[in-house]
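Chemist: Take a look at this one; I'll ask things after.
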Amino acid sequence: MTFEETTAQVQKLFSKAEGFADTLAFDFGDDGLISVDGTKSPPEVSNQDIGPDCTISISMEDFFSILDGSLDPQMAFMSGKLSVDGNMGIAMNLAGVLKS
């Protein structure tokens, strides 16, 4: 999947998210950054650095493994495939959004 398609997928996921009111970024390293501004309704998704409250660093491959259910987010974190910078509570509340 291209980075543009990944951005569209994140937009789709967060367009259905209820109660997400934080700022978040998915940092895919050299592949790019996807930011989610949940202070707007619906949440605004972009490829700009918005100075998020939480940044999740992960490879695109591992991100899609989490989305398709073949990789547990907690196992990804414990094995170092996923790292969180900033507000850990935001990351922990993403399970419902990412499983939709």
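The values are calculated or read from the model by the stated rules, or taken from the named source; none is laboratory data. The structure presented is a predicted model; accordingly, all values stated were derived computationally and were not measured. For neighbour counting, all protein chains shown are included, and Cβ atoms are generated from backbone atoms with ideal geometry for every residue, glycine included.
Chemist: Surrounded by fewer than 20 Cβ atoms within 10 Å (Cβ to Cβ), of a type in the set (D, E, K, R), in contact (Cβ under 8 Å) with a residue 24 or more places away in the chain and out of contact with any helix residue (DSSP H, G or I) (no Cβ under 7 Å at 6 or more places or on another chain), is that true of Asp49?
Modeler: yes
Chemist: Next question. Quick check on the stretch 11-26. Is at least one of its residues more than 15 Å from Leu98 (Cβ to Cβ), free of Cβ contacts under 8 Å to residues at least 12 places away in the same chain and of a type in the set (D, E, K, R)?
Modeler: No: the stretch 11-26 contains no residue that is more than 15 Å from Leu98 (Cβ to Cβ), free of Cβ contacts under 8 Å to residues at least 12 places away in the same chain and of a type in the set (D, E, K, R).
Chemist: Let me ask you something else. Cβ-Cβ distance below 6 Å, separation of 6 or more or different chains: which pairs start in the stretch 88-100 with a residue that is modelled with pLDDT of 90 or more and end on one that is in a loop (DSSP other than H, G, I, E, B) and polar (S, T, N, Q)?
Modeler: Final answer for the pair search is none.
Chemist: Taking the criterion of being surrounded by 13 or more Cβ atoms within 10 Å (Cβ to Cβ), in contact with an Asp or Glu (Cβ under 7 Å, 6 or more places away or on another chain) and polar (S, T, N, Q), would at least one residue in the stretch 9-18 satisfy it?
Modeler: For the stretch 9-18, residues surrounded by 13 or more Cβ atoms within 10 Å (Cβ to Cβ), in contact with an Asp or Glu (Cβ under 7 Å, 6 or more places away or on another chain) and polar (S, T, N, Q): absent.
Chemist: Quick one: would you say Asp85 is among the acidic types (Asp, Glu), in contact with a strand residue (DSSP E or B) (Cβ under 9 Å, 6 or more places away or on another chain) and either touching a residue at least 60 places away in the same chain (Cβ under 8 Å) or crowded, with 19+ Cβ neighbours inside 10 Å (or both)?
Modeler: Criteria not met by Asp85.
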